[in-house]
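For reference, the structure discussed in these notes is given below.
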Amino acid sequence: MAAAAGTMRDYALYSGELQEKIELLVYLPSNFSPLHKYSLLIAQDGKDYFMYGKMKRVIEMLMEEGSIDRTIVVGIPYRNVNDRYEKYHPAGQKHEAYIRFLAHELVPFLDHELPTYQIGRGRALIGDSLGGTVSLLAGLLYPHTFGNIAMQSPYIDDSVLACIRAFRDPSLLSIYHSVGTEETAVKTTDGHVRDFITPNRMARNLFMEKRFTYTYHEFAGGHAWTYWQPDVPRAVSAILSL
């Protein structure tokens, strides 16, 4: 039986932090009613999660099963590869401004426009690769705003490990983290070839040592949507489970 279908809506807001208009792709699920409150799932690489991650189908399936709460998905598309790098990469020129945009501009906008819980535990961030990195860093900086983080094959470097190490209150965050066992030589947008799995395992050890609410999964495969898509239901149900 085909999953019930919700409604896609386009929103836009001007970001003072980024000095640009940000387009949003918003999915209101099939059970949407302004009389109910909804969890928010905010996706970096927003268009990719709808196209390749089959996010609409995933949300409807998990809600139908009773695995997750009522959820609205907000996708934030990137303009191009360079725009994505500058906003998502820890060394990107717009990285800090983008995280401030998420916490100080996007969340108040969504809470005003949509019937949301308006608490950290009612909001989740999800992203793949650098999108996972910026989702984690936003959660570590604003744990009272974003209480749930899902990252698929995130880029992890020493600066990210230092942020995890320095975080004081792991009880505030619920984290889902996955990476592929074949991610040993990943070509990144800056032209380098990097080992992803080793630093991801170092991050895993830190999360476990610091006793985060934490789910870790290694899948058989590499750094691509072919492997992330089957992992999306697991990621979403882990961070939005009832």
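Rule-based calculations on the coordinates, nothing more; no lab input. Given the structure is predicted, the values throughout are model-derived calculations rather than measurements. Methodologically, a virtual Cβ is constructed for each residue, glycine included, from the backbone with ideal geometry; neighbour enumeration extends over all protein chains shown.
Round to the nearest 0.05 the FRET efficiency obtained for Asn82 and Leu161 when R0 = 22 Å and r is the Cβ-Cβ distance.
0.30
Could the peptides 65-72, 83-90, 112-119 be put in order, highest first, of the mean number of other beta-carbon atoms found within 10 Å of their residues?
83-90, 65-72, 112-119
Is the chain best put as rounded, prolate or oblate by its Cα gyration tensor, with a ≥ b ≥ c the root eigenvalues, rounded for a/c under 1.5, and otherwise prolate when a/b is larger than b/c, oblate when not?
rounded
Using label points projected 7 Å from each Cα along Cα→Cβ, tell me how many nm separate Lys21 and Val193, to one decimal.
Going by the 7 Å Cα→Cβ label model, 4.3 nm.
Name the long-range amide H neighbours of Tyr78: under 5 Å, sequence gap of 5 or more, or other chain; modelled H, no Pro or chain starts.
Asp45, Gly46, Lys47
Which angle from 0 to 90°, rounded to the nearest 10, does the C-alpha axis of helix 197-209 make with the longest principal axis of the chain?
Long axis of 197-209 versus the principal axis of the chain: about 70 degrees.
Return a whole-number percent for the relative contact order of the stretch 96-160, with Cα pairs under 8 Å and 6 or more residues apart as the contact set.
Computed value for the stretch 96-160: 33 percent relative contact order.
Would you tally the net charge around Arg100, using a Cβ to Cβ cut-off of less than 13 Å, leaving Arg100 out, and scoring K and R as +1, D and E as -1?
Taking every Cβ under 13 Å from that of Arg100, the sum is -1.
What distance in nm separates the simple spin-label points at Ile119 and Leu13, each placed 7 Å from Cα in the Cβ direction?
Simple spin-label model gives 2.1 nm for this pair.
If Lys and Arg each add +1 and Asp and Glu each add -1, what is the summed charge of the other residues whose beta carbon sits under 12 Å from the beta carbon of Glu64?
Net charge in that neighbourhood comes out at 0.
For Phe219, enumerate residues with amide H under 5 Å from its amide H, sequence gap 5+ or separate chain, H modeled in the peptide plane.
The list, which skips near neighbours in sequence, is Val179, Gly180, Thr181.
Measure nothing but the geometry: give the 0 to 90° angle between the long axis through the Cα atoms of 130-141 and the longest principal axis through the Cα atoms of the chain, rounded to 10°.
On a 0 to 90 degree scale, this one is about 80.
Is the shape of the stretch 167-242 rounded, prolate or oblate, going by the alpha carbon gyration tensor and its root eigenvalues a ≥ b ≥ c, with a/c under 1.5 for rounded and a/b larger than b/c for prolate?
Oblate, because a/c is 1.5 or more while a/b does not exceed b/c.
Which stretch or stretches of the stretch 213-242 have amide N atoms under 11 Å from the point lying 7 Å from Glu182's Cα along the Cα→Cβ direction?
Those under the cut-off are 220-224, 226-227.
With r defined as the distance between the Cβ atoms of His104 and His217 and R0 fixed at 35 Å, what FRET efficiency is calculated, to the nearest 0.05?
E between His104 and His217, to the nearest 0.05, is 0.65.
Could you tell me how far the Cα centroid of the stretch 12-59 sits from the Cα centroid of the stretch 165-214, in Å?
Taking the Cα centre of the stretch 12-59 as reference, the centre of the stretch 165-214 is 25 Å away.
Let me have the relative contact order for the stretch 79-228, percent, based on Cα pairs under 8 Å that are six or more residues apart.
19 percent
Find the lysine pairs in the chain meeting two conditions, Cα atoms under 28 Å apart and a separation of 8 or more places or different chains, and report how many there are.
Counting lysine pairs in the chain gives 19.
Starting from the Cα-Cα distance between Glu65 and Ala4, subtract it from 0.36 nm times their residue separation and give me the gain in nm to one decimal.
20.7 nm
Could you please report the charge total around Ile197, scoring K, R as +1 and D, E as -1 over all other residues with beta-carbon less than 9 angstrom from its beta-carbon?
So the surrounding residues net to -3.
Sum -39500 (n - 2.57) across every DSSP H segment of at least 4 residues in the chain, then divide by the residue count to get the 222 nm mean residue ellipticity, nearest 500.
-10500 deg cm²/dmol
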